[in-house]
1. For ASP438, enumerate residues with amide H under 5 Å from its amide H, sequence gap 5+ or separate chain, H modeled in the peptide plane.
2. Could you pull out every residue, at least 5 positions away or on a different chain, whose amide H is within less than 5 Å of the one on ASP165? Hs are placed 1.01 Å off N in the peptide plane, and Pro or chain starts have none.
3. Given N residues in the range 5-350, what is its alpha carbon radius of gyration divided by 2.2 N^0.38 Å?
4. What's the local net charge at ASP659, with K and R +1, D and E -1, over the other residues with C-beta under 15 Å away?
5. For the chain, just the Cα set please: Rg and Dmax, both in angstrom.
6. Can I get the semi-axes of the range 528-668's equivalent ellipsoid? Compute them from the C-alpha gyration tensor as square roots of 5 times the eigenvalues, in angstrom, largest first.
7. So who's got an amide H within less than 5 Å of the one on HIS40, skipping anything under 5 residues away but keeping other chains? H placed 1.01 Å off N, in plane.
8. Could you put ILE318, ILE544 in order, starting from the residue whose Cβ has the fewest other Cβ atoms within 10 Å?
Amino acid sequence: MPKDASSWWQRRSQLDLALRKAIGLERLPERNPLNAGILHSYEMGDYVLENVIFYSRPNLPVTANLYRPKAPLEGKRPAVVCPLGHYLDAGKGIAEYQVLCIKLAKLGFVVLAYDAIGHGERLIQGNTHHEAGFALLPLGQTIAGWMVWDTMRAIDYLLTLPEVDPEHIGITGNSGGGLNTLFTSALDERVRAAAIAGYVFHFNNWIKYAGSHCTCCYLPGLYRSMEWFEVAGLIAPRAVLMLQGERDAMFPISGARKAGRNTEALYSLLGYKGLARFDEIKGQPHAYSQPYRERMYGWMLHHLMGKGTGEPIAEGDIRPLAENDPKLICDKEGTIMAKVLSVVELARNQAQELVSSLPSAGSEEIRQATRHLVRELTAPPDREPHDLSPLSFEKIKIPAGLLEKVFFLSEDGQPVPCLLWLPQNQPAPYRTLIMVNDLGKSAVAESGMVESLMERGFAVLSVDLRGRGETLGKSHTREDNNFHFAVHSVMWGRPAAGRRAFDLKRTVDFVQRREDLSLEGLAIVGFGDEALTALLAAVDDPRIKRVACAGYQNSFVSQMISAQVSSRAELVRVWNSSAMKWGRLDNGRFKADLGSVIPSILLTADIPDIASLVFPRKLLYCQDRDNSLPDSELRQARFRSVLKAVDPNGSDWAWYYPDRRFDTELLLNWLASR
């Protein structure tokens, strides 16, 4: 909380910029023609229901329902835009939103409710928030930013209507619609009154509670930049109502109380007491039920029409249409949505354009920028390093030598469990090979490689980097914590791949600390998504002399995929399933782990540019898993070109075998090479 109003206004510009950067709207997209049209119109007694489609971006139609009052009125009317939350199948037809829109229209408002991306009529493969959200992140964009832009364009559409008063625009939504309401109100000053339902929470409290929800909630670095009440403070001096249910299990009331009361206090500090109000809805769960709506009606009537005191208004008996009623459908034949590209496809197209614009052989400018980026990604979380505090649990005699179970701390509270194999009949210190696998150290133990390496005198150290193996943990007793770890890492501005690379650098510290292990010729092998981790660590740590990457990919574009589904019903289910929500996607040909997604990375470089920074040390890159994807030959060609360009003498520093299987023979030959 700022100490005075002057401190707030000094900080406000920093907050505004940080929010725009985090959400991906630092530069707003071009306002393309809306190409709006009313497809159908229905007389509904004292209001008119119209099906509308407008285009928020080229080839991105927004399906919406417009509710107009029939009662004559001199002058212009206030308008309310209603972004929806996560009503995947029903979308804008969901009963509680119908009731809300009808009541507002009866009160004299023009109301626009539209399907969020990936919901209602816009529920197509590649549009669900987990698929689209993680496809957009490498571009420096977010699904929340696309949602907010939809709402800004919805306001643009409302302002084309002759009866709408541009000075009296309101916005309200629940859950994901509450998210949309918060961020749109903070960034678009055309909004004069906002009512946020089911999305009032304290960032730090939510992290401690282990909150985990949709990808739209996770904006890169947001939690390091500000708290919830500061985002709401950007709305000041405009009116904001905050509504949260006492029994909301998604965004617990304890954090909502902090956020709401802090927002009220900030408004009072700024001299706007009464323009921010937090209401705790007793006994209510996460929903936009009648007690929420009645508070919203009074708020909008007071702040947009100058009527009443802002207190709740009785809803009365309003009967919505059936959620699947054809009157609620814009594209009744499905011909419009059948022709559009999904957000994942649009993101891939943008990504391919970015990669195509990179020099085919890289450049010194790109390498410098990439080195700086990698240094930031793998940076320690604290100014002063924590002690490793190593602890040996058990030593087991095995035929090839000794297996030691070890543990150390990467940072305060972050354990790194290890398996250390020491060869027999060899003098210490041993030449050391660190091996990491995205399935954990147990996969290394079962790989069949360790014994052959020990026979040749290598000590082999395999660790569970954070979020792998023993450190992964379970959520809700069923699923692992991969999604939770990945998205919260994004929010903290420390992407999972970078945090794991930091753990790997601390593993090198552990090797250096052991008298029986040698740093000379130190090699690291990363398999699967841990290949990226190994690559990042090697770029930033010169103690690593060799790095082998196996079973990864040639480009970050490859991980922009949709889940494999066969029907709309399955797509509705899959949004909440382990196929997406728990941080992994599988399209049948390629699997992507969302923990390897790095926000904004393609604005700087692609994987070959990172790999080139290993030079003049040794690199092995093989068994790429994206070889069956379109344009794989083009990506391989750029990879070869970039690796070749950094070595003017044509040495054999990089072994690039995208189609060759990683096995013991290849590894041993590479380790023996000079």
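1. PHE527, ASP529, GLU530
2. Residues meeting the amide H criterion: ARG77, ALA79.
3. Taking N as the residue count of the range 5-350, the ratio is 0.92.
4. Working: positive: ARG625, ARG635, ARG640, ARG660, ARG661; negative: ASP624, ASP626, GLU633, ASP663.
Overall, the nearby charge balance is +1.
5. Final numbers for Rg and Dmax: 27.6, 97 Å.
6. Equivalent ellipsoid semi-axes, largest first: 31, 15, 14 Å.
7. Amide H to amide H, under 5 Å and 5 or more residues apart or across chains, HIS40 pairs with ASN51.
8. Values: ILE318 15, ILE544 22.
Fewest to most other Cβ atoms nearby, the residues stand as ILE318, ILE544.
The numbers here are math on the coordinates, done by the rules we state, and not lab data. Source: prediction; values computed, not measured. Here Cβ is always computed from backbone atoms with ideal geometry, including for glycine, and neighbour counts include all displayed protein chains.
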